[in-house]
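K.L.:
I'd like to ask you about the structure that follows.
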Amino acid sequence: MSLRTLPLLFINLGGEMVYILDQRLKAQVIPDEKAKKVLHDIVSTMFNRRFMDELFKPQELYSKKGLRTVFDRLAHASIMRLNTASMDKLYDLMTMAFKYQVAMSLTPRDVLLVTLNHIDAIQSFVAESPVISGHVDNVYQLLITNYGKLSIGEFQLIRQTLLNFFQDMHIRVSIFLKDKVQNSNGRFAISTAGMVPYGSEPPGIIRMFSTEGEHVKTASFPSGGNYTYSMQQGSIELQGNRCTQLGTNMYAMNKPFETTISVPAPQQPMSMAGTSIATR
């Protein structure tokens, strides 16, 4: 288990919370000022400097129950109020979205790029508030300082720790089912084709070398899929090109979308679309 995992888990889940709440506030036609205040209050609380300093200290992950409690309190850090059922649905969507992003990452280092995509988007939500924007910039600097120079092995340990945390969560999400990236049992369908990691070659070539290290023969075999090269490595610079869509706001895409989740029978499907967000 990696003692560096908690900040990435918290920030990415927080980013997904912001995406979902923004989508629901718009769907329920909450006045812009109220909607903006909800998101600003949540981001301000989430990225409180003192809390972030404590979060980035090496430590074990919170328990599932403990982490859920943190997000319960965070969701109500504004004028917004959610009942227990609505919070359950919100948290399930958050966790499954980030689990999908971790599972689909091409390399362990991509977990950092996914996190930076969330940071970039959160920054856009609070751009009108210099104080809150400064909190987000502070988190970016903490990420670069703590993760910018980690080895692939260290990132692999972080990724494995995240997957262990999520391993028993198999909640079906409508957008994943429609895009055929999730099976009916709630498990993700990971493709054996597509883009290969930056600096890698598509599978299908075997190179043989002599005992002196000289290349003497090349053979090939059918790889069973269509592959493309990654032409650029994702940047960790401020607002840089992350070279991945994982961690971006999938609810902002230009297609109809319903924040709906379902669970295996005998329980009935649950839908955020039928849930109201109350603001005071």
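K.L.:
For a quick check: with amide H placed at 1.01 Å from N, whose amide H comes under 5 Å from MET195's, ignoring anything fewer than 5 positions away on the same chain?
P.N.:
Under 5 Å from the amide H of MET195 lie the amide H atoms of THR228, each far enough along the sequence or on another chain.
K.L.:
Same structure, new question: Taking the Cα-to-Cβ direction at TYR62 and at PHE221 and moving 7 Å from each Cα, how far apart do the two end points lie in nm?
P.N.:
The answer from the label model is 4.6 nm.
K.L.:
Multiply the residue separation of ASP72 and LYS34 by 0.36 nm, subtract the distance between their alpha-carbon atoms, and state the gained length in nm to one decimal.
P.N.:
11.7 nm
K.L.:
Another question about this same structure. Tell me the carbon and sulfur percent of the accessible area for the stretch 1-104, rounded to whole percent, probe radius 1.4 Å.
P.N.:
Carbon-and-sulfur percentage of accessible area, whole number: 51.
K.L.:
Report, in listed order, any pair from LYS37/LYS149; LYS26/LYS178; LYS99/LYS178; LYS26/LYS89; LYS64/LYS149 with a Cα-Cα distance greater than 24 Å.
P.N.:
Over 24 Å Cα-Cα: LYS37/LYS149; LYS64/LYS149.
K.L.:
What are the principal axis extents of the Cα atoms in the chain, in Å, biggest first?
P.N.:
Here the Cα extents, ordered largest to smallest, are 74, 44, 35 Å.
K.L.:
Let me check the size of the stretch 44-181 from its C-alpha atoms; what are the radius of gyration and Dmax in Å?
P.N.:
15.9, 43
K.L.:
Let me ask something additional. Need one number: nm distance between label points at MET231 and ARG207, each 7 Å from Cα along Cα→Cβ, rounded to one decimal.
P.N.:
The two pseudo-label positions are separated by 2.3 nm.
K.L.:
Based on the mean of other Cβ atoms within 10 Å per residue, sort peptides 111-121, 53-63, 215-225 so the most packed one is first.
P.N.:
Working: 111-121: 23.1, 53-63: 13.1, 215-225: 9.5.
So the order, starting with the most tightly packed, is 111-121, 53-63, 215-225.
K.L.:
Out of PRO108, LEU142, ILE171, whose Cα points farthest toward the positive end of the dipole of the chain (charges: +1 Lys, Arg; -1 Asp, Glu; placed on Cβ)?
P.N.:
Projecting each Cα onto the dipole axis, the largest value belongs to ILE171.
The values are calculated or read from the model by the stated rules, or taken from the named source; none is laboratory data. Computed from a predicted structure; not experimentally measured. Cβ atoms come from the backbone with ideal geometry, glycine included; neighbour counts cover every protein chain shown. Note: areas computed on protein heavy atoms with side chains; ligands, DNA, RNA excluded. Shrake-Rupley method; radii C 1.70, N 1.55, O 1.52, S 1.80 Å.
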